[in-house]
Amino acid sequence: NGKKRYKFPTKEQMETYKEEYAPLVEKAKKQIEEHGLGNFSVYNAQLVYMQVQARFPEHLDDCIPYLTVKTFDGWIEANRRVKKKEKAMQTITFIQTKDKEDNTDPLDRTVYPKTTHVFGIWQTEPIK
């Protein structure tokens, strides 16, 4: 179909990048906590930093996952829109299936990964 799919790094590759991105991840974690946001994923932060470094190296220092990198809908909520022809970065989220019965035990539910598309603030513009 001609579309290039992003190939997520292996666990081993992520381990090799762990030290390189550790200072950025720690900075992001601190700023996210200051803004009262939860559910911080170190893995997704590393994925974002890897893609920003490869595609937008000039924005690596001002990149903060969850604050300056959000989903399309996240930017709409922040009164910004993604510029035309911008290509998304990809992260992973885990979706938990809903029970068919009245089973409230979360361990009995199926969890599966889903690719999430995110954009940096530099890929957006204010909504007028």
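The values are calculated or read from the model by the stated rules, or taken from the named source; none is laboratory data. All figures in this text were calculated on a predicted structure; none of them were measured in a lab. Virtual Cβ from ideal backbone geometry, glycine too; neighbours counted across all protein chains shown. Areas reflect the complete protein model, heavy atoms only, side chains present, ligands, DNA and RNA absent. Shrake-Rupley method; radii C 1.70, N 1.55, O 1.52, S 1.80 Å.
Worth pointing out:
The rows are residues; the columns are (1) free of Cβ contacts under 8 Å to residues at least 24 places away in the same chain; (2) within 17 Å of Lys128 (Cα to Cα).
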residue: Leu67; (1), (2): no, no
residue: Ile76; (1), (2): no, yes
residue: Lys83; (1), (2): no, yes
residue: Phe94; (1), (2): yes, no
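- In the stretch 25-40, the residue that is farthest from Met14 (Cα to Cα) out of those that are open to solvent by less than 70 Å² (accessible area, probe 1.4 Å) and not in a helix (DSSP H, G or I) is Gly36.
- Remark: Tyr6 falls outside the filter, which requires a residue to be in a helix (DSSP H, G or I) and at pLDDT below 75.
- Qualifying positions in the stretch 41-72 - open to solvent by 30 Å² or more (accessible area, probe 1.4 Å), in contact with a Ser or Thr (Cβ under 7 Å, 6 or more places away or on another chain) and modelled with pLDDT of 90 or more: Thr71
- Residue satisfying all of: in the stretch 88-128; more than 24 Å from Phe40 (Cβ to Cβ) and at pLDDT 95 or above; surrounded by the most Cβ atoms within 10 Å (Cβ to Cβ) among these: Glu125
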